[in-house]
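Read through the structure below, which is laid out as structure tokens, and then see the notes.
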């Protein structure tokens, strides 16, 4: 009691100093400050993320897959699109003289016997081991192209036959098939008849099913055929030679026709290259 009285008396003195006591910070103010710091940090991260995203978004090609080719046919019927592909491919392939090697003629899968046009109903592919696979041909899922030169029976009229020229013609058939499968989505098979040797009526055929070209169809065309302009028939294509051989020789056949009793023709294909 005496101590309490002395403390009161001391505080009542003029000029008396109050004892220093700790001041408590209200808990509400403390947590509000912490939340402000956290929100400020999150805001800074958000702004930085938006800046990075906008920066990448302005880069050419961001968010878009690379185009398979620099050209593509307009969407339309099978007949319209295969004609556009043929008209695009054919003028690029030239002889040493500068003349076009061959016309590329699209059609339904048919053959001509005399004056009669007979539909190809099926393709029989012989293997070197004696096994024959038969594939039904439908005009809605199979495209046919004929590479026709200006000579007799569509042979190449001028120039000297050579391995270099043969490789170039194979490249033309391959490119035609690749465009067809890529852009004419309903196609499941493609037949490309090569120009026959001069004076001969027999011809060779490139025959592809879509799965045969799955890898080149899954990446840009320039990865498979990097030359934007094909070389001329007297200029060896060493850059693409191995690729062209790998994608054409296993699918190159001689052909025979057999008349089917119900109507139509069976195209019998025998490998040119025995593997």
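Scan the range 92-112 and give yes if some residue there is in a helix (DSSP H, G or I), out of contact with any helix residue (DSSP H, G or I) (no Cβ under 7 Å at 6 or more places or on another chain) and modelled with pLDDT of 95 or more, otherwise no. Yes, the range 92-112 has at least one match. Among the numbered conditions (1) in contact with a strand residue (DSSP E or B) (Cβ under 6 Å, 6 or more places away or on another chain); (2) surrounded by fewer than 21 Cβ atoms within 10 Å (Cβ to Cβ), the only one that residue 191 does not meet is (2). Pairs meeting the criteria (first residue in the range 157-181 and outside the structural domain of residue 208 (by TED's automatic domain parsing), second residue surrounded by fewer than 19 Cβ atoms within 10 Å (Cβ to Cβ) and assigned to a loop (DSSP other than H, G, I, E, B), beta carbons under 9 Å, at least 6 apart or on different chains) are lacking. Taking the range 194-209 as the range and being over 18 Å from residue 257 (Cα atoms) and surrounded by fewer than 17 Cβ atoms within 10 Å (Cβ to Cβ) as the test, the residues that pass are 197, 198, 199. Within the range 218-229, the residues that satisfy the criterion of being surrounded by fewer than 17 Cβ atoms within 10 Å (Cβ to Cβ) and under 23 Å from residue 91 (Cα atoms) are 220, 222, 223, 226, 227, 228, 229. If you filter the range 241-275 down to residues that are touching a helix residue (DSSP H, G or I) at 6+ places or on another chain (Cβ under 7 Å) and in a loop (DSSP other than H, G, I, E, B), you find that the one that is surrounded by the most Cβ atoms within 10 Å (Cβ to Cβ) is 273.
Screening residue 133 on (1) modelled with pLDDT of 95 or more; (2) assigned to a strand (DSSP E or B) shows it passes everything except condition (1).
In this structure, residue 86 does not satisfy being over 17 Å from residue 208 (Cβ atoms) and surrounded by 15 or more Cβ atoms within 10 Å (Cβ to Cβ).
The values are calculated or read from the model by the stated rules, or taken from the named source; none is laboratory data. As the structure is a computational prediction, the values presented were derived from the model and not from experiment. Counting neighbours? That spans all protein chains shown, and the Cβs are built from the backbone with ideal geometry, glycine included.
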